[in-house]
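The values are calculated or read from the model by the stated rules, or taken from the named source; none is laboratory data. What you see is a predicted model, and the numbers here were worked out from it, not measured in a lab. So basically every Cβ, Gly included, is an ideal-geometry build from the backbone, and we count neighbours across all protein chains shown.
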Amino acid sequence: MATLDFGLSRPRLARLPVTSANCPRCGGRLARDNDSGRCAPCQAAERDRLSAPPAVSASFWDHQPVRQALASRHLGQVIRAYRCHPYHGRHALPQTVVAGWMGITQAQLSRLENGPPVVHLDRLAHWAQVLRIPAGHLWFELPGSRRPSSRASAAGEPSRGGSETVTGNAAPVIADTGGDTTDRRRFNTLATLAGLGATGYLGLISTQSDAPRNIELEHVVFASSLVEELRRVDAAVGADALCDVAGQVHARMSLWAAKATYSRQVGHALQSALADLVVETAWLAIDADRRSEAKPYLNEAITRARLADDQQAEVRALSCLSMLLIRDDRPGESLHCSDAAFRSSAGWATPRLTTLLHLRAARAYASLQDASGFTREMAKAKHAFHRGTSDDDLPFLNFVTAQELNGIAGLSYLALNRPDRAAESFRAITMSPSPAFRRNQAYYTVQLADAMYRQGDVNGAAHHGQDALLAVSQMSSGRVNRLLAQVRKNVGRHRQASSETRQFVAAYDQAVRL
């Protein structure tokens, strides 16, 4: 009997891809039907990769693309090479996974991989530790792993900070600009007194006439290191001893950057580092009560940040300018600056940065006598603050603490003519001191004395002035000194002074004579 054929054919079974490769992680033979690029045991071992990077062997870092990325000294390129390493299988690790490890968003990681190289040491060190990059492959130091006092000495060359010329891989030597008001000996003495002398950074800012003609990324990293050190010392002792140092460093580095040659990539990083240095210099001028010097620095910082397309540096400069304009009694312009900072940081601002910008706006509204605006911005600042810290917080945001929230609230209440509420805020700070921010602690203690005086409590003002006197004598902050001098002047006006008042006035006058 003939078989009828209706033109239908049997469907063919799809063949699974035949593989003959080995697992790149353990070297084991892959099954013929395994198209994942990983053997089953390795897949099981990597199921927790969403929470932390895997532990890789030393040979991982010898992969050619990884070695090239490390040689470029661009951590973003290193991360891209890490994601695309064959160790992870046939498909690269998604940016969302690696961004989760690093505590940033996928968009931020994309900018990190494709933008200019990061030069801030705290971020470089943190992300290198997250990925477990061996210290020997890095072009910067990890915390707790100090190299010799100078790379030059390790290579048999003269050490930094001396009169010898520093070349090669050592920190750059900035050319002498000539006509400095402070000679090199006094400059180095100031830097040593300020706490910089033992850091190994003095070679970066020494006055030599034979500065290198080319700027490399390593030089930019050293410049960023100096900014971090200035910030740390300022938080502890105040700005007076640092202001001239930072100003001269800025002048020398700016001149060197204008005359030297560098690649486009280094140029972006250099402009970003200089913007950060200029903002720090402006802040030191503000704290030293030399506000007229600060605004030109901040204008320069904004320009450099835009040249580098560095929104973070621009936002920090705008935040500092907002504070400066409040002190110059220009609250309307201050509010415009905080609004501009909000716009520039839209989409990437961390809770701590959002807190700071709301605090700037709250202070501006209080100076404008807009109590409802102040209350609204203060509530937003507290809400953002309680969202906690982030690994992506900018380094300068360390001072945004509960004490700072109380401090800005107190200053705002003074502007609103509410010294009673101001005193409550300042008193909360004195009851919970922050050892890392001694200068701010002293500043708000003096503000408490001023708030007590405005309430009519002369003895209370003298009492807290006495508390602040010892702390103020151990630091150098022009704005704190000026405020304490005003408290002493106000207290000393009263003829019928108590013994506590007379004791404070006598102690203050003696400290001034010394």
Some residue of the stretch 141-155 being surrounded by 13 or more Cβ atoms within 10 Å (Cβ to Cβ) and either modelled with pLDDT of 80 or more or under 22 Å from the mean Cα position of the chain (by Cα) (or both): yes
Flag for Leu335 being touching a residue at least 40 places away in the same chain (Cβ under 8 Å), assigned to a helix (DSSP H, G or I) and under 25 Å from Arg290 (Cα atoms): no
Identity of the residue in the stretch 344-359, among the aliphatic types (A, V, I, L, M) and buried (at least 24 other Cβ atoms within 10 Å of the Cβ), that ends up farthest from Phe396 (Cα to Cα): Leu359
Among (1) buried (at least 17 other Cβ atoms within 10 Å of the Cβ); (2) at pLDDT 85 or above; (3) touching a Phe, Trp or Tyr at 6+ places or on another chain (Cβ under 8 Å) - the single one Arg67 does not satisfy: (1)
Boolean, Ala341 is buried (at least 19 other Cβ atoms within 10 Å of the Cβ), closer than 20 Å to Asp329 by Cα and not assigned by TED's automatic domain parsing to the domain that holds Asp287: yes
Checking Asp329 against (1) in contact with a Pro (Cβ under 9 Å, 6 or more places away or on another chain); (2) not in a helix (DSSP H, G or I), the condition it does not meet: (1)
From Ala436, Ala423, Ala511, residue being surrounded by fewer than 20 Cβ atoms within 10 Å (Cβ to Cβ) and under 24 Å from Met323 (Cβ atoms): Ala436
Given (1) part of a loop (DSSP other than H, G, I, E, B); (2) more than 19 Å from the chain's Cα centre (by Cα); (3) among the small types (Gly, Ala, Ser), number of the condition Ala349 does not satisfy: (2)
Residue that is nearest to Ser476 (Cα to Cα) [pool: residues in the stretch 255-310 that are part of a helix (DSSP H, G or I) and polar (S, T, N, Q)]: Thr281
Verdict on Asp420 being of a type in the set (D, E, K, R), touching a residue at least 24 places away in the same chain (Cβ under 8 Å) and part of a helix (DSSP H, G or I): yes
Among residues of the stretch 436-457, those that are outside any loop (DSSP other than H, G, I, E, B) and either out of contact with any helix residue (DSSP H, G or I) (no Cβ under 8 Å at 6 or more places or on another chain) or of a type in the set (A, V, I, L, M, F, W, C) (or both), counted: 8
Check on Ser476, of a type in the set (Ser, Thr, Tyr) and buried (at least 17 other Cβ atoms within 10 Å of the Cβ): yes
Lone qualifier among Arg343, Arg360 - being among the charged types (D, E, K, R), in a helix (DSSP H, G or I) and out of contact with any helix residue (DSSP H, G or I) (no Cβ under 9 Å at 6 or more places or on another chain): Arg343
The stretch 94-105: number of residues that are in contact (Cβ under 8 Å) with a residue 12 or more places away in the chain and in a helix (DSSP H, G or I): 6
